[in-house]
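One structure is given below, encoded as structure tokens.
None of the figures in this text is laboratory data; all of them are computed from the coordinates on show. This structure is a prediction, so every number in the text was calculated from the model and none was measured. Cβ placement follows ideal geometry from the backbone for every residue including glycine, while neighbour counts extend to all protein chains displayed.
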Amino acid sequence: MSSLQEPPLLEPLLFEIEGMKCGGCVRAVEQRLLGQPGVRQASVNLLTRTAWVDVVSAEASQAALLHSLAGLGFQARLRPSDAELPSRRQRLQSQNWWQHWRQLVVALGLLLVSVLGHLSLAGLGALWIHALVATVTLAVPGRPILVRGVRAALAGLPSMDTLVGLGVISAYLASLVGFLWPQTGWPCFFNEPVMLLGFVLLGRFLEERARFRTGRALEELAELQPDTALLLLGEGPPRPVRVGGLRPGDRVQLLPGDRVPVDGVVRQGSGAVDVSGLTGEPLPVAAIAGTELSAGSLNLDAPLVLEVLRRGADSAIARIIHLVERAQARKAPIQGLADRLAGRFTLVVLALALATLLFWWLLGTQLWPQVLQPAPLAGAHGAHAGHPMLAVTAETPFALALQLSIAVLVVACPCALGLATPTAITVAMGRAARGGLLFRGGDAIETAAGLRAMLFDKTGTLTRGRPLVTAVEPLQAASSDRLVQLAASLEAGSRHPLGFALLQEAQRRGLELLPVAEAHSWAGQGVSGRIEGQSLRVGRLAWLEASPSPELLARQALLECQGASVLAVGGEQGVLGLVAAADQPRPDAAGVLTALRAMGLQLGLLSGDRREPVQQLGASLGLAEAELGWELRPEQKLERILQHPAHGALAMVGDGINDAPALAAADLGIAVGTGTQIAQDSAGLVVMGDRLEGIVAALRLARRTMAKVRQNLAWAFGYNLIVLPLAAGVLLPGYGVLLTPPLAALLMALSSITVVVNALLLQDGLQDLR
């Protein structure tokens, strides 16, 4: 007997839910989940058929949540966060294409039978054959819809299936009564439920195809990770193995043209690697021994030996996909209104259908008797109602009332309301992920679209975060090369960013490092040691000399005014020279800030660095002094954000540990992908790679996405406001026009398809993300 393993406490759960068809289903599932003990938040996505559940206690167990959803008639299962990415074959099987194509064949078959019935071809005009076909239709292809509709109604939460099922059953039962007891005068239109179900199934097939296209971007991302890898075993030839079988420490061989199967570090070989599939970076990176590579990168030109760092389920691609899948289940706030309306929409439609039935049965035909079709002269038992799509075919008040009420039930479309937001959000998230932009949820996209101000951290965000030597000023008889060689040798064992800058400068000049004895690091001061028998130090000038000369202080001040940090190099004979290192601005920083200003955003810079470097950077990037903040501790950055006078949403962009509180406090935290993990965890948007242009692309994407959302919602509301009165017979007295149930079913399907297709148009406008 298998047992369910409980996930770690407080970890959000992601469920896959089958059977949801409309916004009413979404509302029902959310209400049921929120009603369970220990559940703090629940967000359901109709498009991806997933539910994101935030739990606060162990009371919200997986088994209890699954049982509660089963009571509504929805089958659910937990999607594990540490699962391996499925292979291509598994992905194709999961799409269950045979079931979808079978649904299409059944739908077309039903429509064909219905058309033949209307034309009374091949002897199909006999009424008992129509009755038999309708019975089989309801019992076989229509059974799942009827069952789901009854379950939803019994649970007190009627859905789209409830409306369709009620319309189909009403037409069938009325026709059956008229067939068995012709003296009642009830109409016989057995073709109605057959054609109605045919259009419903056809519409759902087309909708499924469109849904699949909305998730194509994530599918393409998953395809970047190969299914197999070449495992190296001792001296023997490499052996092909499944990526899921690789473990940290294994070594794999990469041939030119191979995709990196898992995250790893290069141990042998060197070459160029294309990382554009993950980060959107257009230029390949140089891979040498010690270079870390992410799964999905493309080896371009030379064999490499890679040591596995993380298994496939923990690879960069897997983490991105799991992040996006969870984010897609978190809805935008604007979707809340649509879901609340969709949850009550079905009840309103049921009331409208009942009112339509009673009005036209008891009153409407007396006020406008001309709306009834004259009875045929030979109208005997066995006559079967055939009709055009927009004409009056009813001969009795009850037949007309029943026809109109069924049209009201079927034409109503809560599906369009439920799909309006998640379709656009899902398309945007998938394409953004392919471009190296990771949104945490639909709420992050909506916030990004409404931003009015953006604040930046300095080091590692607007600058590279890696200081470079900008000036070398030797004193006494030392040359600049000798000064750099001595300083870099002393800093060889240091992890300080300025020490790394010295090592880079020595490497650029082709200087060999000298052996150092008695090396010692002095916190906040510098490094000391002995080189070639001489005692040397590199660090702060005030540490090397208690009373520096005015000339030396003037030279240091001049370098610092240029935004550099100054290191002094000295020995037993005094100061040998000064070395200046500065953190360089990112090459795209100025262009990004200009573009953001053009989009109407207020800008600012918050930094813990000294005043001079901050002012110099601000001047080079076009920021006014009033927009700058310097020497700020993390709590002071947080206070600045909370007191910022932005008239609207505010974003904070950072990359370091000290930026995490500010990222969490802002309306939208944005972390650059080269930053620390805690910064990325605190952010609502992560920009992968080493480029700031992604921020501009993300904001443009968010604005276009919310424009599509508003278009979809306008269509969904407008459609129902127009077709419901039309189905209820508003144009019947004056123009003789009504909607028959089959036409109503076709319009209902087209309304959902229109919303999905409009969202797919967003995909064509996102090519600039790559």
*Table column - 3J(HN,Hα) (Hz), segment 320-326, Karplus curve with 6.51, -1.76, 1.60, x for Gly and Pro*: 5, 5, 4, 4, 5, 4, 5
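Before rounding to the nearest 500, sum -39500 (n - 2.57) across all DSSP H runs of length at least 4 in the chain and divide by the residue total; then give [θ] at 222 nm in deg cm²/dmol.
Working: 27 runs with 361 residues, N = 770.
Per the formula, -15000 deg cm²/dmol.
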*Quote the FRET efficiency, to the nearest 0.05, computed for residue 128 versus residue 340 with a Förster distance R0 of 45 Å and r equal to the Cβ-Cβ distance.*
0.40
*What size of dipole, in debye to the nearest 20, comes out for segment 240-349 about its Cα centre when the only charges are +1 on Lys and Arg C-beta atoms and -1 on Asp and Glu C-beta atoms?*
640
*Restricting attention to the alpha-carbon atoms of segment 132-206, what are Rg (one decimal) and Dmax (integer), both in Å?*
13.0, 42
*asked:* Just want the answer: with Cβ charges of +1 for Lys and Arg and -1 for Asp and Glu, which residue in 449, 593, 564 is farthest toward the dipole's positive end in segment 443-600?
replied: 449
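Using the Kirkwood formula on the Cα atoms of segment 585-665, what hydrodynamic radius do you get, in angstrom to one decimal?
Mean inverse Cα-Cα distance, inverted, gives 13.3 Å.
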_Could you give each residue of segment 746-762 its phi-based ³J(HN,Hα) in whole Hz, using Karplus coefficients 6.51, -1.76, 1.60 with θ = phi - 60°, and x for Gly or Pro?_
5, 5, 4, 5, 5, 5, 5, 5, 4, 4, 5, 5, 4, 5, 5, 4, 4
*asked:* Skipping prolines and chain starts, which residues have an amide H placed within reach, meaning under 5 Å, of the one on residue 514, given they are 5 or more residues away or on another chain?
replied: 489
_Inter-label distance, nm, simple model (7 Å from Cα along the C-beta direction), residue 737/residue 314_ = 6.5
*Could you go through segment 233-240 in sequence order and give the Karplus-derived ³J(HN,Hα) for each residue, using 6.51 cos²θ - 1.76 cosθ + 1.60 with θ = phi - 60°, rounded to whole Hz, and x for Gly and Pro?*
10, x, 8, x, x, x, 10, x
*Percent of C-alpha pairs per 20 Å bin, the chain, short to long*: 14, 36, 28, 14, 6, 2, 0
*Lys pairs under 26 Å by Cα in the chain, provided they are eight or more residues apart or on distinct chains*: 4
*Which of 152, 544, 306, positive extreme of dipole for the chain (C-beta unit charges)*: 152
*Pairwise FRET efficiency - residue 703 versus residue 594, Cβ, R0 = 22 Å, nearest 0.05*: 0.80
*Once label points are set 7 Å from the Cα along Cα→Cβ at both residue 139 and residue 180, what is their separation, rounded to one decimal in nm?*
1.4
*asked:* Placing +1 on the Cβ of each Lys and Arg and -1 on the Cβ of each Asp and Glu in the chain, which of 46, 465, 721 has its Cα farthest towards the positive end of the resulting dipole?
replied: 721
*How much length is gained on full extension from residue 534 to residue 209, taking 0.36 nm per residue of separation minus their Cα-Cα distance?*
109.4 nm
_Once you place label points 7 Å from the Cα toward the Cβ at residue 572 and residue 513, how far apart are they in nm?_
2.5
*Normalising by the residue count of the chain, find the relative contact order in percent from Cα pairs under 8 Å and 6+ residues apart.*
15
*asked:* Under the rule of at least 5 residues apart or a separate chain, name every residue whose amide H is placed under 5 Å from the amide H of residue 603.
replied: 454
*Per residue Cα convex hull volume for segment 225-321, in cubic angstrom?*
83
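Below 8 Å, C-alpha to C-alpha, sequence gap of six or more: please give me the relative contact order for segment 488-605 in percent.
About 16 percent, as a whole number.
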*Based on the alpha-carbon gyration tensor of segment 480-616 and its eigenvalue square roots a ≥ b ≥ c, which shape applies: rounded if a/c is under 1.5, prolate if not and a/b is larger than b/c, or oblate?*
prolate
*Amide H to amide H, which residues 5 or more places from residue 268 or on other chains are under 5 Å from it, using H placed in the peptide plane?*
305
*Plugging the Kirkwood radius over Cα pairs into Stokes-Einstein for segment 514-571, at a temperature of 4 °C and a viscosity of 1.567 mPa s, what D comes out in µm²/s?*
105
*How large are Rg and Dmax for segment 407-555 when only the alpha carbon atoms are used, in Å?*
28.4, 98
*Filter the trypsin sites (Lys or Arg not before Pro) in segment 587-672 down to the DSSP loop ones having no more than 14 other Cβ atoms within 10 Å, then list what survives.*
610
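Magnitude of the Cβ-charge dipole of the chain, K/R +1 and D/E -1, about the Cα centre, nearest 20 debye?
2040
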_Difference of contour (0.36 nm per residue) and Cα-Cα distance, residue 610 to residue 155_ = 157.4 nm
